[in-house]
Amino acid sequence: MSATTTVVLAGVGGQGTILGADVLAKTAMAAGLDVKLSEVHGMAQRGGAVDTVVRFGEAVASPLTDPGHADHLVAFELTEAARMIGVLKAGGRLVVNTRVIDPLPVLIGQVESPEGLEGRLAEEGATFLDAEALACDAGSPKSANIVLLGAVSTGLSFPVELWREVIAERVPPATVDVNLHAFELGRRACGEGGECLL
Amino acid sequence: MSHTLLSGNEAAARGAWEAGATVGAGYPGTPSTQALEVFARMDGVYAEWCPNEKVALEVAAGASMGGARSFVTTKHVGVNVAADPLMTLAYTGVGAGLVLWVADDPGMHSSQNEQDSRNWGPFARVPVLEPSDSAEALTFVREAFELSERFDTPVIVRVTTRIAHSKGAVEAGERLEREDARPYEKDLGKWVMMPAMARARRSSVDERVEQMTRFAEETKLNRVEMRDTALGIVTSGVCYHHVREVAPDASVFKLGLSYPVPGEALRGFAGSVDRVVVVEEADPYLYSRLRIEGVEVDPIPLPHAGELTPGLIGRALGHPQPEVREAIDVPPRPPLMCPGCPHRGAYYALKKAKAIVMGDIGCYTLGALPPLAMMDSCVCMGASVGMAHGMTLAGHGSTRPVVAVIGDSTFVHSGITGLSDAVYNGGSATVCILDNRITAMTGHQHNPVTGKTLQGADAVEMDLEALARSLGVERVRTVDPHDLEASVEVVREEVVADEVSVIVFRAPCALLIKEPEQPYAVDDEACTACGACIQLGCPAISTVEGRKASIDITLCVGCGDCVQVCRFSAIELTGPACDIGGV
């Protein structure tokens, strides 16, 4: 089990977690590893909480993971980072997009937006970045998912060129340059040591 | 061919194609939808979305009878709809191979119930294959076509969400080019299931199960992996991989053919290990089969409801669990209707009418949640219409109107018969067809109202209004749900009619609109914090300081619904997101 690396991507339906997970899985595969990816489509995608699991190693058994087992948690949204924190193992790497998408019960004033999440996640060792701002710098707010892949890539051992090749293959042709730029900005924002450079 | 990363659905489509299948039929349903979509894009095949799963299986049965290998895709509840032909196709058998790809949804990620489709095996007496991952999805579907012809039976390939929607490495092969397509010959004894012929076929069904059971004893679809003999685990499907994760030293009997099961081989396995446990998701199906076969099984405390994970299995086996970080309390995030969704306007109008709403299956089911909270029931595809009629029979409808809400695709699937019933029997319910020009929830599939087929050909567009009139509905109205005033007016007029009325709310799904309108913003000065726009439940609108409204311009698509409910003209046009520093 220790030979398999588990990455959980958590976000909100529509944020591009599925494409992000696909690029990660294909990069691992291009690196010669066995890969499994598990995602959920359908109703959850309509603005609900979505999490995708990518596991890679010499031979991967289960496509799923459990609380306390993930090596990396990449949260595309702050509340989802908090919701999914239990999945991360002791010493696991936590990358968090600071963007908040309030769930409907908060939007309609039914419940209060939780306070102090950043501080609480910082205690858990989170590395923060503002993926949407970086994505806009790269040329399109839609490339935020690739910014986050750039951030997680600094904690994984795949060569940068491999990532770039897979991104170029996987994103719409007209957006390749923007996405490669977004990837680079994500990498720069979260350097090798895991500290946030923002 | 090299390895590629495919989902179970994609791999199944590939397997059907490699097996030489030329006809595909199905109805979209998560988690099965992708299988037919991918099959439809392959060379040399014909594939269609059908109005429902029963029709899909009948189309495939006809194609099979005529000599074409045929592939049916459906989610678990779709088999209920197709059960009528399925139960008797088990008697007739097939012409060319006929395979059903059936995707169950334990945990109900996108479903109204949990059903274990393996039960169709002993119920219909048809073989059930259970792949464990994408690689097996391909090879098992290919093998299923061979078995279908060899044993003259439809074959079910049953998977779960975590196989259909999980991706793994797959080794793809070449397509089988079948030169000797099976010629059709008239055969009353095989295909005409009148009582006399059906009685004769009945015994051939039992003979086939016996032959299949002998086959089960030797097929490589089943696999015994002997390791430590202290524990022997019998498992199938994705649970096999969970077992390998948490109990890598245990001996495993992996069933790839879960109906019929190989009793002799299972008894042999049980005799070679100290203790046998069964690890399976959903029903205690294998557990029951093993008990019938006289295998002593040690019960372990696994939940039958929901999905299994390696951790849950480990706990049931008594393994130590890792330390878990303390949970952080956050509000729930239910799925919701998109910004600009046309269903919102329909619910706004029904809320004004204080209607009792019998609901149905689709994106509009999300209207059951606050703040709209405008749905009183959701049972199965098409149920809204019959249930609305039934509600009026219990005496409702005079103080609060009784309304059915059903999408275009769901109406065609199984709402038409309900409407016919209500009209024929002099009912009075109001049937609202939310026609957003697509089957939206499953990811935008075409259907008989959209004017396109699965493979992109132009198609005849069903005229919903003309259909309703032909069923005998005299009060048929059409309205744009983004015109809130008109929608309220039409609902107000129709719900008081003492006869069945049909209101077609017609506007395309917001996700079909590629170039959104300019977003709106709230004028903070003019906003009085009345909350009217908030009550629309649009994810682009939120409450801020002092309970005033705010619009997220990165989400707003400019549908203008909120502008119409604002009595203080506080919502106005703005510019694109990145330009004005919205993020």
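Read-outs: derived from the displayed coordinates by stated rules, not from any lab. The structure presented is a predicted model; accordingly, all values stated were derived computationally and were not measured. Glycine gets a Cβ as well: all are built from the backbone with ideal geometry, and neighbour counts include every protein chain shown.
Within a straight-line Cα-Cα reach of under 26 Å, B:K352 can be paired with the following lysines, leaving aside sequence neighbours fewer than 8 residues apart in one chain: B:K548. Potential lengthening of the chain between B:E499 and B:H3 amounts to 172.5 nm, from the contour at 0.36 nm per residue minus the alpha-carbon distance.
I'd like the per residue volume of the convex hull spanned by the Cα atoms of region B:135-201, given in cubic angstrom. Kindly include the intermediate steps, with their values, before the conclusion.
Working: hull volume 8.1 nm³, N = 67.
Enclosed volume per residue, from the Cα hull, is 121 Å³.
Residue exposure proxy: B:D360, B:D298, ordered by other Cβ atoms within 10 angstrom of their Cβ from fewest to most, comes out as B:D298, B:D360.
The angle between the Cα long axis of helix B:383-393 and the main principal axis of chain B comes to about 60°, on a 0 to 90 degree scale. Among complete DSSP H helices in chain A, those whose alpha-carbon atoms stretch at least 18 Å along the helix's long axis and whose mean Kyte-Doolittle hydropathy reaches -0.5 are A:17-30, A:176-189. Loop-located chymotrypsin sites (Phe, Trp or Tyr not before Pro) across region B:156-242 with a Cβ neighbour count of 16 or fewer within 10 Å are B:Y184, with loop assigned by DSSP.
Neighbour counts of other Cβ atoms within 10 Å put B:H389, B:H304, B:H343, B:H446 in the fewest-to-most order B:H304, B:H446, B:H389, B:H343.
Note that region B:327-427 carries a Kirkwood radius of 14.3 Å, evaluated over its alpha carbons pair by pair. Helix-only arithmetic for chain B: the sum of -39500 (n - 2.57) across DSSP H runs with n ≥ 4, divided by the residue total, places the mean residue ellipticity at 222 nm at -9500 deg cm²/dmol. Dipole orientation for region B:247-389: of the candidates B:L366, B:V330, B:P301, B:L366 has the Cα lying most toward the positive pole (charges on Cβ; Lys, Arg +1; Asp, Glu -1).
About its Cα centre, chain B has a charge dipole of approximately 880 debye under the convention of +1 per Lys or Arg Cβ and -1 per Asp or Glu Cβ, with nothing else charged.
Toward the positive end of the charge dipole of chain A, with +1 on the Cβ of Lys and Arg and -1 on the Cβ of Asp and Glu, the farthest Cα among A:L129, A:L19, A:A189 is that of A:L19.
Against the compact-protein benchmark of 2.2 N^0.38 Å, the Cα-based radius of gyration of region B:3-218 scales to 0.94. Ranked by how many other Cβ atoms sit within 10 Å of their own Cβ, fewest first, the residues B:L89, A:L73, B:L573 fall in the order B:L573, B:L89, A:L73. Applying a threshold of 20 Å to the alpha-carbon distances of B:K452/B:K514; A:K142/B:K75; B:K54/B:K75; B:K220/B:K254; A:K26/B:K167; B:K75/B:K167 flags A:K142/B:K75 as lying beyond it.
With only alpha-carbon pairs counted, each pair once and no self-pairs, how large is the Kirkwood hydrodynamic radius of region B:291-367 in angstroms?
Working: mean 1/r = 0.0549 Å⁻¹.
Hydrodynamic radius (Kirkwood, Cα only) of region B:291-367 equals 18.2 Å.
Candidates A:V87, B:S134, B:N119 compared by Cα position along the dipole of the protein assembly as shown: farthest toward the positive end lies B:N119, with charges placed on Cβ. Overall, region B:419-481 carries a charge dipole of about 80 debye about its Cα centre when +1 sits on the Cβ of Lys and Arg and -1 on the Cβ of Asp and Glu, all other atoms neutral.
Under the rule a/c < 1.5 gives rounded, and otherwise a/b versus b/c splits prolate from oblate, where does region B:223-316 land using the Cα gyration tensor?
On the way: a/c = 1.56, a/b = 1.18, b/c = 1.32.
It comes out oblate by the Cα gyration axes.
With respect to chain B, whose longest principal axis is taken over its alpha-carbon atoms, helix B:8-18 is tilted by about 60°.
Assuming charge only on the beta carbon of Lys and Arg (+1) and of Asp and Glu (-1), the dipole of the protein assembly as shown about its Cα centre is about 1340 debye to the nearest 20.
Orientation-averaged projection of the protein assembly as shown equals 34.2 nm² [convex hull of Cα atoms, one quarter of hull surface area].
Rounded to the nearest 10 degrees, the inclination of helix B:83-92 to the longest alpha-carbon principal axis of chain B is 30 degrees.
Largest first, the extents of the alpha carbon coordinates of chain B on the three principal axes equal 79, 64, 51 Å. Counting only Cα atoms, the size of region B:351-402 along its three principal axes is 28, 25, 10 Å, in decreasing order.
Which FRET efficiency value, to the nearest 0.05, is calculated for B:M226 and A:F158 with the Förster distance at 45 angstrom and r the Cβ-Cβ distance? Rounded to the nearest 0.05, the efficiency is 0.75.
At 222 nm, what helix-only mean residue ellipticity would chain A give, in deg cm²/dmol to the nearest 500, using -39500 (n - 2.57) for each DSSP H run of four or more? All intermediate terms of the calculation are to be shown ahead of the outcome.
On the way: 8 runs with 75 residues, N = 198.
Estimated from H runs of four or more residues: -11000 deg cm²/dmol.
Site-free segments of chain B were taken between GluC sites (Glu not before Pro) in DSSP loops having at most 14 other Cβ atoms within 10 Å, sites themselves excluded; the longest one is B:1-173.
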